[in-house]
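The values are calculated or read from the model by the stated rules, or taken from the named source; none is laboratory data. Keep in mind the model is a prediction, meaning the values are calculated, not measured. Positions of Cβ are generated from backbone atoms using ideal geometry, with glycine treated the same way; all protein chains shown enter the neighbour counts. SASA here: full protein model, heavy atoms, side chains in, ligands and nucleic acids out. Shrake-Rupley method; radii C 1.70, N 1.55, O 1.52, S 1.80 Å.
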Amino acid sequence: MVLHAAGDSQGPAQHPGEPGFDLLVIGGGINGAGIAADAAGRGLRVLLCDKGDLAGGTSSASTKLIHGGLRYLEYFEFRLVREALMEREVLLGMAPHVIWPLRFRLPHRPGVRPRWMVRVGLGLYDLLGGRRNTLPASRAINMKGDGPLREEWNHGFEYSDCWVDDARLVVLNAMMAREHGADIRNRVACTGLRQMERGWVASLQSTVDGRTDEVTARAVVNAAGPWVDQITDAVGSPADGRGVRLVRGSHIVVRRLYAGEHAYLFQHADRRVIFVIPYEEDFTLIGTTEVDCTGDPGDVHISGQEVDYLLEAVNSHFRVPVTADQLCHSFSGVRPLMEEENASATRLSRDYHLTFTREPAPLLTVYGGKITTYRRLAEAAMSRLSEVFVQMGDDWTADTTLPGGDFDSPSGLLTRYRSLWPWLPDAVLRRWVRSYGTCALDLIGEATAIEDMGRDFGAGLYEREVRYLQTREWALRAEDVLWRRTKVGLHMTADEASAFRTWMDGAEPGPGGHDA
């Protein structure tokens, strides 16, 4: 990100008239999209911009969990864990298509944590979830003979959390913001901010075609994640002594390692935990690492050491060894965690902190946070901004559903789609239920036969779906479709993926970097 505080040498700029927007949100990750949706629903005029794709950074590189964070209990972060567990229930109701329950098995490793300590911790985890907790409680289990595990793992536990399609959660929040009137500008960078009489003047530039624009806003939210300090530095905003420490987390994906829909949480010998999760039906996701990131947060990749670390953790538990040549995919993201003196990357808090300043103009800066608590973070942000927008609406998001989430059960919706479109492959219908929910009705449009779906790119991806993603979900490039709006990139052959990239590069574009 290149950001210049334009006009600094000439003093505060003056701009006649009312600002065109109430709120400019910089950053299209989960926090930025959540704040944009919340603010738009309260009646504010909102513009959200991101120099890359929505969820193109940290928010598509998580471990795909909506959870309280069991290990944070060791660091006495009870408030964070309780808030996250309470949110787990709220989000499960808001987005039943992209969030669903997941049962975890936790083999006990003697010498790392006593068995009684783990049991007490799980009991506390259940308790902190509150009375609304609809997920099954934790329990001790006999793991002897558990399919993939080595024979020495005889004792363990089970507990509940939730899985999430993280990138789709971001897009759904952007869609909800648009439904309430927000202007969503994908691949549009904020290249300059300067003060005006009643707020800010922002310079925006498309990273696709270079087009420039200038907009005005009464207040700005800096939700730029790993780039948050670049914005605060450029505009000369005091950072309240806060800063971010960039920590790279990497994951690997291999072919399905075991039967069943349960996940595993392994306690590694260094006391860190590793998740092993069923992924996209045919695969297993393994992660994550925690390594300080000193380079460009927009260009991160897994290292050989990280691969070895994850394989060592899995192979110390699984009977059949997993080797590096089995890797089908890997991804890395940078977590912008709040800096703490002398703290290891593992011990850094996943809590969030908001800094609000009125000078030179209203600016709210978001530090830290985790995907599970994004909605509460957005509410907290709006509470701080109420000093500027005194007549905005009240909290509202906890009682709504995200686009496509208005159905009773995934199985019921799948049955309905099988009846409506028996000519579509069942794998496509299952994916649509878990990606689009009832929005699949908009996607299918007037199609009544497989011939109406257009070109088949492979792995169940048809041209009609791609057109929908272009016009309704801001997908501009092949990677937006293959790895964020969907995960069909995992299922395509190299030739299919290459052909799709060629087609996408030459296809008539959707709405460009601006709102659909």
Taking first residues from segment 465-494 that are open to solvent by less than 10 Å² (accessible area, probe 1.4 Å) and second residues anywhere that are of a type in the set (Val, Ile, Thr) and in a loop (DSSP other than H, G, I, E, B), the pairs with Cβ under 9 Å that are 6 or more apart or on different chains are Glu465/Thr486; Leu469/Thr486
Hey, can you tell me all the residues within segment 268-308 that are on the phi < 0 side of the Ramachandran plot and over 24 Å from the mean Cα position of the chain (by Cα)?
-> His268, Ala269, Asp270, Gly304, Gln305, Asp308
Which of (1) in contact with a strand residue (DSSP E or B) (Cβ under 8 Å, 6 or more places away or on another chain); (2) at pLDDT 95 or above does Arg194 not meet, given it meets every other one?
-> (2)
Residue set Phe266, Phe283; condition in contact with a strand residue (DSSP E or B) (Cβ under 8 Å, 6 or more places away or on another chain) and surrounded by fewer than 21 Cβ atoms within 10 Å (Cβ to Cβ); output residue Phe283
Condition test on Gly111, is it in contact (Cβ under 8 Å) with a residue 60 or more places away in the chain and surrounded by fewer than 16 Cβ atoms within 10 Å (Cβ to Cβ)?
-> no
Over segment 362-394, the set of residues over 19 Å from Met94 (Cα atoms) and in a loop (DSSP other than H, G, I, E, B) is Pro362, Gly369, Ser386, Glu387, Val388, Phe389, Val390, Gln391, Met392, Gly393
Of Gly249, Gly298, the only residue that is assigned to a strand (DSSP E or B), of a type in the set (Gly, Ala, Ser) and in contact (Cβ under 8 Å) with a residue 60 or more places away in the chain is Gly249
Using the structure shown, decide if Arg139 is charged (D, E, K, R) and free of Cβ contacts under 8 Å to residues at least 24 places away in the same chain.
-> yes
In this structure, is Arg178 among the basic types (Lys, Arg), open to solvent by 20 Å² or more (accessible area, probe 1.4 Å), closer than 26 Å to Leu385 by Cβ and at pLDDT 95 or above?
-> yes
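So that you can scan it fast, the table gives a plain yes or no per residue for (1) buried (at least 20 other Cβ atoms within 10 Å of the Cβ); (2) more than 30 Å from Phe157 (Cβ to Cβ):
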| site | (1), (2) |
| --- | --- |
| Ala36 | yes, yes |
| Arg45 | no, yes |
| Ala55 | yes, yes |
| Val81 | yes, no |
| Gly93 | no, no |
| His97 | yes, no |
| Arg103 | no, no |
Out of segment 132-166, which residues are crowded, with 21+ Cβ neighbours inside 10 Å, outside any loop (DSSP other than H, G, I, E, B) and not hydrophobic (A, V, I, L, M, F, W, C)?
-> Gly156, Tyr159, Asp161, Asp166
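Among the residues of segment 312-336 satisfying the criterion of being part of a helix (DSSP H, G or I) and farther than 12 Å from Thr288 by Cα, which is most open to solvent (accessible area, probe 1.4 Å)? Break it down into steps so the answer makes sense when it comes.
First, pick out the residues of segment 312-336 that are part of a helix (DSSP H, G or I): 312-315, 324-326.
Going one step further and asking which of them are farther than 12 Å from Thr288 by Cα, we end up with 312, 315, 324-326.
Values: Glu312: 107, Asn315: 42, Ala324: 59, Asp325: 132, Gln326: 72 Å².
Among those residues, the one meeting the criterion is Asp325.
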Reported set for segment 208-219 where residues are touching a Gly at 6+ places or on another chain (Cβ under 8 Å) and open to solvent by less than 60 Å² (accessible area, probe 1.4 Å) is Val215, Thr216, Ala217, Ala219
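Any idea how many residues of segment 417-473 are part of a loop (DSSP other than H, G, I, E, B) and among the polar types (S, T, N, Q)?
Step one: of segment 417-473, the residues part of a loop (DSSP other than H, G, I, E, B) are 421-425, 436, 445-449, 454-455, 459-460, 473.
When the remaining residues are screened for being among the polar types (S, T, N, Q), the result is 448.
Within segment 417-473, residues that are part of a loop (DSSP other than H, G, I, E, B) and among the polar types (S, T, N, Q) number 1.
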Would it be correct to say that Leu414 is part of a loop (DSSP other than H, G, I, E, B) and either in contact (Cβ under 8 Å) with a residue 60 or more places away in the chain or open to solvent by 10 Å² or more (accessible area, probe 1.4 Å) (or both)?
-> no
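Do we find that Ala497 is under 26 Å from Ala55 (Cα atoms) and either touching a strand residue (DSSP E or B) at 6+ places or on another chain (Cβ under 9 Å) or in a loop (DSSP other than H, G, I, E, B) (or both) in this structure? Working first, answer last.
On the way: under 26 Å from Ala55 (Cα atoms): yes; either touching a strand residue (DSSP E or B) at 6+ places or on another chain (Cβ under 9 Å) or in a loop (DSSP other than H, G, I, E, B) (or both): yes.
So Ala497 passes the test.
Anything in segment 181-193 that is within 19 Å of Glu18 (Cβ to Cβ) and either touching a Ser or Thr at 6+ places or on another chain (Cβ under 8 Å) or crowded, with 22+ Cβ neighbours inside 10 Å (or both)? List them, or say none.
Here is the first cut: in segment 181-193, the residues within 19 Å of Glu18 (Cβ to Cβ) are 181-183, 193.
Matches in segment 181-193: Ala182, Leu193.
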Flagged in segment 57-79 as open to solvent by less than 30 Å² (accessible area, probe 1.4 Å) and in a helix (DSSP H, G or I), in numbering order, are Ser59, Ser60, Tyr72, Leu73
Quick one: which of Gly52, Gly43 is touching a Gly at 6+ places or on another chain (Cβ under 6 Å), among the small types (Gly, Ala, Ser) and assigned to a loop (DSSP other than H, G, I, E, B)?
-> Gly43
